[in-house]
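Worksheet for the structure shown next.
The values are calculated or read from the model by the stated rules, or taken from the named source; none is laboratory data. Given the structure is predicted, the values throughout are model-derived calculations rather than measurements. In this analysis, Cβ positions are derived from the backbone assuming ideal geometry, glycine residues included, and neighbour counts consider all displayed protein chains.
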């Protein structure tokens with residue numbers, strides 16, 4: 001590895017540690033010429049499938065877009081960054097396990113919705129409203145009712161969505 005300070009070709013590893021829950025190796029290096037120290041990160045490069053958009057275009061998978069989707073849906077929601085990171089990794093893992101060279105963007109969206117449903121009900125409804133192009137309040141109401149039917153085990157973890165709506169009406 002070239003030294004980023006003096007561009008010398010030889011650096012030596014002085015420490016290696018696992019990072020990112022074992023998916024990355026962090027190596028502390030020292031340049032044999034200038035003595036400067038720096039860190040490198042080593043990860044396995046696994047090709048993710050291309051994404052086929054609804055209009056037929058194909059794009060390379062972009063992890064930044066995935067993270068942006070989660071960030072927008074979870075904006076101002078009390079969800080720890082570690083849980084968001086775990087959800088992003090779960091979506092990526094699901095895409096890898098699909099074992100296909102191309103996946104429709106709808107499938108990626110469904111994976112994101114599944115993870116958001118586990119993280120935060122409000123974020124899930126936010127994402128679903130854009131993803132499914134809700135046209136009116138009735139579409140929101142139907143999605144919330146469906147969410148309540150699907151998630152009886154999460155009752156008490158978050159404020160019930162429909163109870164708040166009912167109380168607001170009265």
Checklist (1) touching a helix residue (DSSP H, G or I) at 6+ places or on another chain (Cβ under 9 Å); (2) surrounded by fewer than 10 Cβ atoms within 10 Å (Cβ to Cβ); (3) not assigned by TED's automatic domain parsing to the domain that holds residue 124 applied to residue 22, failing item: (1)
Restricting region 1-19 to residues that are within 29 Å of residue 82 (Cα to Cα) and surrounded by fewer than 11 Cβ atoms within 10 Å (Cβ to Cβ), the residue that is nearest to the chain's Cα centre (by Cα): 18
Residue in region 26-36 that is in contact (Cβ under 8 Å) with a residue 12 or more places away in the chain, within 20 Å of the chain's Cα centre (by Cα) and either loosely packed, with under 12 Cβ neighbours inside 10 Å or not assigned by TED's automatic domain parsing to the domain that holds residue 99 (or both) present: no
Residues of region 89-108 satisfying the condition of being part of a helix (DSSP H, G or I) and under 12 Å from residue 48 (Cβ atoms): 91, 92, 93, 94, 95, 96, 97, 108
Enumerated strands (runs of 3 or more DSSP E) restricted to region 1-88, each holding at least 3 residues that are closer than 27 Å to residue 118 by Cα: 50-52
